[in-house]
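Comments concern the structure below.
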Amino acid sequence: MAGSARDLKPKAGDSEKITINLGYVDLGHIDLLVQEGFYANRTDFIRTAIRNQIDRHGD
């Protein structure tokens, strides 16, 4: 049956797309770190930053 609660349950590894607004300066810093090879892309940087903050506040 389509649309059942079971069908809507998220699976492991699923993600949700979000939109954020960043200033040009912050975005430039991110792009520089990506260009220098510290991160694969902007998404990698943002995911890492979020996980670091979650870990930091987990105590």
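The values are calculated or read from the model by the stated rules, or taken from the named source; none is laboratory data. Small disclaimer: the values here were computed from a predicted structure and weren't measured. Cβ atoms come from the backbone with ideal geometry, glycine included; neighbour counts cover every protein chain shown.
For the structure I just gave you, tell me whether Leu27 is at pLDDT 95 or above and part of a helix (DSSP H, G or I).
Working: at pLDDT 95 or above: yes; part of a helix (DSSP H, G or I): yes.
Yes; evaluated as a whole, the condition is true for this residue.
Kindly list, by first and then second residue, each pair from a residue in segment 39-54 that is at negative phi and surrounded by 10 or more Cβ atoms within 10 Å (Cβ to Cβ) to a residue that is polar (S, T, N, Q) and at pLDDT 95 or above, limited to pairs with Cβ atoms under 7 Å and residues at least 6 apart or on different chains.
Tyr39/Thr48
Would you confirm, using the coordinates I've provided, whether Ile20 is surrounded by fewer than 10 Cβ atoms within 10 Å (Cβ to Cβ) and at pLDDT 95 or above?
yes
In segment 34-53, which residues are touching a helix residue (DSSP H, G or I) at 6+ places or on another chain (Cβ under 6 Å) and in a helix (DSSP H, G or I)?
The answer is Arg42, Phe45.
Here are some conditions: (1) under 13 Å from the mean Cα position of the chain (by Cα); (2) modelled with pLDDT under 95; (3) not basic (Lys, Arg). Met1 meets all but one. Which one does it not meet?
Of everything listed in (1) under 13 Å from the mean Cα position of the chain (by Cα); (2) modelled with pLDDT under 95; (3) not basic (Lys, Arg), Met1 misses just condition (1).
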